[in-house]
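Below is one structure, written out as structure tokens; comments come after it.
Coordinate-derived values only; no laboratory data. Note that this is a predicted model, so its numbers are computed, not measured. Counting neighbours? That spans all protein chains shown, and the Cβs are built from the backbone with ideal geometry, glycine included.
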Amino acid sequence: MIAVETEFNLTKERKKGMHLDGIAKYFPMWMRRGTQHVVVAMYRFYIGIVAHTSKIEFQGIEHIDTNRMLGFWHEDSFCMQLLLRELKKFQKKVHVIVTSERRGDYIAEMVSHYGGAPMRLPDGLKMRSFLKDLKEDSKQSGLTLAAAMDGPNGPYRKPKRLLFMLAQEAEKAMVYVRFQKKGMFIFKKRWDKYRIPLPFTKLTCQIDYIGDILKEDLKNFTQSATRIFGDDVCFNE
């Protein structure tokens with residue numbers, strides 16, 4: 001689950017990912033797809049264990065309705081599968097922006113399994129056409145869109161304008177989704193401090209209604225984001 005990347009300098013982590021993608025192309029597609037299905041099945045199995053053994057509270061889930069824009073941090077990408085799993089029970093479909101990189105194939109398959117609709121973010125020359133189509137699609141009545149505000153490669157908790165811009169142009173309200181740190185295994189050395197929920201614990205998904213995004217919010221984006229998210233944003237890092 002990913003938001004558009006505006007930074008041109010590749011991080012070491014992304015370079016490593018690109019190297020692995022290059023190696024993967026030498027394997028037959030059926031082998032790569034087979035491995036992907038196995039890995040995704042393991043992910044789903046683990047999420048099922050967490051869901052059945054933990055007490056999970058979705059506070060404010062009523063705010064996730066049609067015509068909403070969902071913003072979350074990249075660190076909660078895995079945790080978001082728990083929310084999609086819950087929304088599937090209520091037949092609430094969420095469109096999720098997903099990177100076009102190889103790792104996005106795994107995310108897209110998981111999103112689809114839980115009733116979501118992945119929207120692949122292309123690279124290079126196709127980006128402009130995609131953004132144009134995305135703007136039009138986001139205006140569709142009844143469409144709910146979600147994206148990692150600081151994705152795909154950070155900086156950590158420094159939100160980008162994409163989702164806010166789409167919300168403003170589509171005249172749709174924004175919703176803020178985040179998970180508490182308690183009951184998580186945190187990869188502290190990753191740029192996003194990626195988190196995996198643990199079984200046999202208590203988890204809380206907090207969903208806050210932000211409301212409409214105005215043109216003034218985009219013009220003074222840093223100040224607006226700080227006002228909306230408070231200490232959750234890290235513009236200085």
| Remind me, relative contact order of region 12-228 in percent, using alpha carbon pairs under 8 angstrom and six or more residues apart? | 27
| query | How high is the FRET efficiency between GLN140 and ASP65 when r is their beta carbon distance and R₀ equals 22 Å, given to the nearest 0.05? | reply | 0.90
| field | Ranking of HIS113, HIS74, HIS95, HIS52 by count of other Cβ atoms within 10 Å, fewest first | value | HIS52, HIS113, HIS95, HIS74
| Restraint check, LYS89/LYS158; LYS126/LYS172; LYS132/LYS193; LYS88/LYS193, Cα-Cα greater than 30 Å | LYS89/LYS158; LYS132/LYS193
| field | Relative contact order of region 153-232, defined on C-alpha pairs under 8 angstrom at six or more residues apart (%) | value | 36
| message | Tell me the net charge near GLN168. Cut-off is 15 Å between Cβ atoms, GLN168 excluded, with +1 for each Lys or Arg and -1 for each Asp or Glu. | response | +2
| field | Backbone HN-Hα couplings from phi across region 229-234 [Karplus 6.51/-1.76/1.60, Hz, Gly and Pro as x] | value | 9, x, 6, 6, 8, 9
| query | Taking amide H positions as placed 1.01 Å from N in the peptide plane, with prolines and chain starts having none, which residues 5 or more places from VAL98, or on another chain, fall under 5 Å of its amide H? | reply | ILE2, MET119, ARG120, LEU121
| message | How would region 90-174 be classified by its alpha-carbon gyration tensor: rounded, prolate or oblate, with rounded meaning a/c under 1.5 and the a/b versus b/c comparison settling the rest? | response | rounded
| remark: Most exposed first, judged by fewest Cβ atoms within 10 angstrom, PHE78, PHE164, PHE58, PHE185 run PHE185, PHE58, PHE78, PHE164
| task | Let me see the pair-distance distribution of region 12-228: every alpha carbon pair, 10 Å bin width, integer percents in order. | result | 8, 32, 38, 19, 3, 0
| Counted charge near THR144, where neighbours are those whose Cβ lies closer than 10 Å (Asp, Glu -1; Lys, Arg +1) | +3
| request: Quick one: order SER129, SER100 by neighbouring beta-carbon count within 10 Å, fewest to most. | output: SER129, SER100
| Which cross-chain or sequence-distant (5 or more) residues have an amide H under 5 Å from the amide H of ALA173, H modelled 1.01 Å from N in plane? | MET69
